[in-house]
Amino acid sequence: MHGRPRKAPTQEEQEAFTIKASKLRSLQSQFLQFHHKKVYTKEALDVSAKLLESNPEYYTAWNYRKIAVQHNLNLPEVGENEESIKSILDEELRLVENALRKNFKSYGAWHHRKWVLSKGHSSTDKELLLLSKFQKADSRNFHAWNYRRFVTTLKNIPDEKELEYTTDMIYDNFSNYSAWHNRSVLLSHLLKEKAKGYSPKDNVFTEEFEFVRHALFTDPDDQSGWFYHLWLLDQTVKLETLLVSSWPPHGYNLSLSVDGSFGDCSLSPFTSLQTNTRTLPLILYFSEAVENICSSTVEIECENVASNELVWRSLSGDGTGSAQAWLTYLNFPEEHAHSEKAYQVKVSLARSQGIFSSTGVHHGNSSHIEFSVSVPPHCSEDVDLKKEGKISWSDECFSTHDTQFLESVLVNLFHLERTKIVETVVDYQWNITTINTEITHCRELLSTMNCKIGKLTLARLLKAHDTLMSYTGTSHRDVSHHAEILQLYDDLKKMDPAHLHYYQDEYSLVLLKQIISNQELLLKHCRKYRDPSSPRINNFCLRLNNLSLSRIGSMEKLLWVQVLDLSYNQLKTLEGLEVMQLLSCLNVSHNKLCSFTALEPLKLLRSLKVLDISYNEIGTHSIDTRRYLCSSPLNHKSGGNWKPEEFEMHGAGVADYWEAYTIFKDLNLIQLDVIGNAVSDEKIKSLLVKLLPSIQWLDGESCH
């Protein structure tokens, strides 16, 4: 436990263990007979008591005791006799106390004691005294602290008094994780109830930062205070839920190309959208995952579009109905005129109690988005997909865009991103000042010693500062600390190799934010596809290849991307790409995707036509635990859209590759590359051709 190496038992210890195990087996055998026969006599209860006093972790015995107590309380001779009831319950309390003396970290024993007290016939006067004894034995025992919260609620002890108790316990030992945690629980409740002396919360948190700072500077290597500091940081940046991004953005003038061709390739991807239908995806992206986005909480004003008939769906693969990004489709009627039809669209989110986050925070501001959409007249001619050539991702197929053109496009993009879509002005001055103060103190501490968790906290503080500044509308370029944060994570990877993957993930997220938030850096990653006329591809490509990315983020700033190159990175999952509803071409070759399960976010991308997953690690690992994150077609949860006859039609191979089946069966790809994966063989290729009726190119070869 806790990194302590186990010692081989001596001969005497092994013999004693054998004797103890034999006695326990005998007791267990007797107990199970009584349990199965539903016997609740004194003899049966004595056997279960001996078993629990020897082994408090035997949950079945604790459950048996509950059934037995309930049975005995219902006996006619007990009835309403308070003395008899109290005698039965006091025996249970005595048993729990004996079991806790054997193991005061037994979950079952503490839960059983709670159950007894909740009956309401036992005195709570002795409970705090008992807790005091156990907390002297181990002041950080979280079972005892959890039980203490239960008892203080029963005894109606004020939270203010309990907060004083945690202060005393922390002064006694500031390495007491459980005391710090209990402090956060109590403060959360006091602030929520706006108790006297605990409002405004700004003053409370300022005092708490100063309080925990004493512990951090006393022993910087002790992590308990740092965890409480992290909780305070979360509270400081915990804001009302905001609408931070959308597609189309506020102020855009968008043109649809409904014949599937890109048309004038000189147009930017920010003003033109290629589609085969007269349908426009509308995406709302929030500062945190929210629920209840629907026609009653979001109003859309547009000619020929009925707001109350629109269906919103969460862009989340977990099926919880909570997501940062939400999607609906605007369907424009066919116009047979010879000119384009311009539609004005207004999306309004009122300050609503109906939109709320998983943490209970409501959407706190009135927001609105206005944009226009130009839709061409009905086109009777369809583009023949079979005539389209294949797309190559080699470097020679891409060139730099005209710098002047790119700058004009990106300036427009960055300007619109800074356009306020929130009508209410929120003052973040206290939050920013507090974060700046903590940054100063953290740097002061790190100037005197090389502290691992201090560096991690500084990185988190700097990230929080940049996030707050972005909400104020301040230019990211003037205030961001991306370079310093990246250096901190580089240092941490060397100092703490045991958590290398975590630091690499965080490094990747910051690096992406640095690129995407800076116009000059983003320019360097924008490329032009050399042959935009064939095939149908938006010639504006965002190339984020060869960056050693292990995670992808900042998705709220990538909603406009239609062609994305993430090749030659270290990605193990594509989580986050599900919000990029305009994405038509994606290259994730030469990464570390180890199963088809990692592709699950792509199931939500209706516009995806070209996909390159070649040279990954799909099929390399004989045991792939992630595969069960992808719903089996035989699972009742996903079985609603699965037809057994289709399953049989595609052959026995589907049973071996059901992850591939669930991923690809609803995609409309015209080009797919899977070569270079261990799973790539003729069997899987044959299955993919059957699953993808529109496929034209598989591993660079024509399918027709």
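Write out, first by first residue and then by second, each pair whose Cβ atoms fall under 8 Å of each other, whose residues are 6+ apart or on separate chains, and whose first residue, in region 180-196, is over 22 Å from residue 213 (Cα atoms) while the second is buried (at least 16 other Cβ atoms within 10 Å of the Cβ).
What qualifies is 189/159; 195/159.
Taking region 150-166, which residues are open to solvent by 60 Å² or more (accessible area, probe 1.4 Å) and within 20 Å of residue 211 (Cβ to Cβ)?
Initial filter on region 150-166 (open to solvent by 60 Å² or more (accessible area, probe 1.4 Å)): 153-156, 158, 160-161, 164.
Within region 150-166, 158, 160, 161, 164 meet the criteria.
Filtering region 129-149 down to residues that are open to solvent by 40 Å² or more (accessible area, probe 1.4 Å) and in contact (Cβ under 8 Å) with a residue 24 or more places away in the chain, which residue is farthest from the chain's Cα centre (by Cα)?
Step one: filter region 129-149 for residues open to solvent by 40 Å² or more (accessible area, probe 1.4 Å), giving 129, 132-133, 136-137, 140, 142, 146, 149.
Retained after the next criterion (residues that are in contact (Cβ under 8 Å) with a residue 24 or more places away in the chain): 137, 140, 142, 146, 149.
Working: 137: 38, 140: 29, 142: 26, 146: 26, 149: 29 Å.
Among residues in region 129-149 that are open to solvent by 40 Å² or more (accessible area, probe 1.4 Å) and in contact (Cβ under 8 Å) with a residue 24 or more places away in the chain, the one farthest from the chain's Cα centre (by Cα) is 137.
Go through region 1-103 and tell me which helices (runs of 4 or more DSSP H), entirely inside it, have 1 or more residues that are assigned by TED's automatic domain parsing to the domain that holds residue 119, touching a Ser or Thr at 6+ places or on another chain (Cβ under 8 Å) and surrounded by 11 or more Cβ atoms within 10 Å (Cβ to Cβ). Don't jump to the end; show me each part of the working.
Values: elements: 11-36, 42-54, 59-73, 82-102.
Ranges flagged: 11-36, 59-73, 82-102.
Output the helices (runs of 4 or more DSSP H) that fall wholly within region 424-529 and possess 3 or more residues being aliphatic (A, V, I, L, M), or say none.
Numbers: elements: 429-446, 452-471, 476-479, 482-495, 500-517, 519-524.
The qualifying helices (runs of 4 or more DSSP H) are 429-446, 452-471, 482-495, 500-517, 519-524.
Identify all residues within region 306-318 that are surrounded by fewer than 16 Cβ atoms within 10 Å (Cβ to Cβ) and of a type outside the set (S, T, N, Q); write none if there are none.
Those that are surrounded by fewer than 16 Cβ atoms within 10 Å (Cβ to Cβ) and of a type outside the set (S, T, N, Q): 306, 309, 311, 313, 318.
Looking only at helices (runs of 4 or more DSSP H) that fall completely inside region 127-212, which ones have 2 or more residues that are at pLDDT 90 or above? Walk me through it before giving the result.
On the way: elements: 127-137, 142-154, 159-172, 177-192.
Ranges flagged: 142-154, 159-172, 177-192.
State whether one or more residues within region 293-305 are more than 25 Å from residue 585 (Cβ to Cβ), assigned to a strand (DSSP E or B), at pLDDT 90 or above and touching a Phe, Trp or Tyr at 6+ places or on another chain (Cβ under 8 Å).
Yes - at least one qualifying residue is present in region 293-305.
Taking the residues in region 107-126 that are part of a helix (DSSP H, G or I) and either more than 39 Å from the chain's Cα centre (by Cα) or of a type in the set (A, V, I, L, M, F, W, C) (or both) as candidates, determine which candidate is farthest from residue 161 (Cα to Cα). Break it down stepwise before answering.
So in region 107-126, the residues part of a helix (DSSP H, G or I) come out as 107-117.
Among the residues that remain, those that are also either more than 39 Å from the chain's Cα centre (by Cα) or of a type in the set (A, V, I, L, M, F, W, C) (or both) are: 109-110, 115-117.
Working: 109: 27, 110: 23, 115: 25, 116: 25, 117: 22 Å.
Here the answer is 109.
To keep it simple, each residue is scored yes or no on (1) open to solvent by less than 20 Å² (accessible area, probe 1.4 Å); (2) modelled with pLDDT of 95 or more; (3) of a type outside the set (A, V, I, L, M).
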position: 437; (1), (2), (3): no, yes, yes
position: 464; (1), (2), (3): yes, no, no
position: 476; (1), (2), (3): no, no, yes
position: 480; (1), (2), (3): no, no, yes
position: 504; (1), (2), (3): no, yes, yes
position: 523; (1), (2), (3): no, no, no
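May I ask you to list the residues in region 448-471 that are within 25 Å of the chain's Cα centre (by Cα) and among the hydroxyl-bearing types (Ser, Thr, Tyr)?
457, 467, 470, 471 - these are the residues of region 448-471 that are within 25 Å of the chain's Cα centre (by Cα) and among the hydroxyl-bearing types (Ser, Thr, Tyr).
Looking at region 213-243, which of its residues are assigned to a loop (DSSP other than H, G, I, E, B) and of a type in the set (D, E, K, R)?
Our first condition is that a residue be assigned to a loop (DSSP other than H, G, I, E, B); within region 213-243, this holds for 219-222, 238-240, 242.
Of everything in region 213-243, those that are assigned to a loop (DSSP other than H, G, I, E, B) and of a type in the set (D, E, K, R) turn out to be 219, 221, 222, 238, 240.
In this structure, does residue 199 turn out to be buried (at least 17 other Cβ atoms within 10 Å of the Cβ) and among the small types (Gly, Ala, Ser)?
Values: buried (at least 17 other Cβ atoms within 10 Å of the Cβ): no; among the small types (Gly, Ala, Ser): yes.
For residue 199, the condition - buried (at least 17 other Cβ atoms within 10 Å of the Cβ) and among the small types (Gly, Ala, Ser) - is not met.
Can you confirm whether residue 600 is touching a helix residue (DSSP H, G or I) at 6+ places or on another chain (Cβ under 7 Å), open to solvent by 10 Å² or more (accessible area, probe 1.4 Å) and over 28 Å from residue 463 (Cα atoms)?
Values: touching a helix residue (DSSP H, G or I) at 6+ places or on another chain (Cβ under 7 Å): yes; open to solvent by 10 Å² or more (accessible area, probe 1.4 Å): yes; over 28 Å from residue 463 (Cα atoms): yes.
It is true that residue 600 is touching a helix residue (DSSP H, G or I) at 6+ places or on another chain (Cβ under 7 Å), open to solvent by 10 Å² or more (accessible area, probe 1.4 Å) and over 28 Å from residue 463 (Cα atoms).
Tell me which helices (runs of 4 or more DSSP H) are completely within region 635-704 and hold 1 or more residues being at pLDDT 85 or above and open to solvent by 20 Å² or more (accessible area, probe 1.4 Å), or say none if there are none. Quick ask: steps written out before the conclusion?
Working: elements: 644-649, 653-656, 658-664, 682-691.
So the answer is 682-691.
The values are calculated or read from the model by the stated rules, or taken from the named source; none is laboratory data. As the structure is a prediction and not an experimental result, all values here were calculated from the model. In this analysis, Cβ positions are derived from the backbone assuming ideal geometry, glycine residues included, and neighbour counts consider all displayed protein chains. Accessible surface areas use protein heavy atoms only, side chains included; no ligands, DNA or RNA. Shrake-Rupley method; radii C 1.70, N 1.55, O 1.52, S 1.80 Å.
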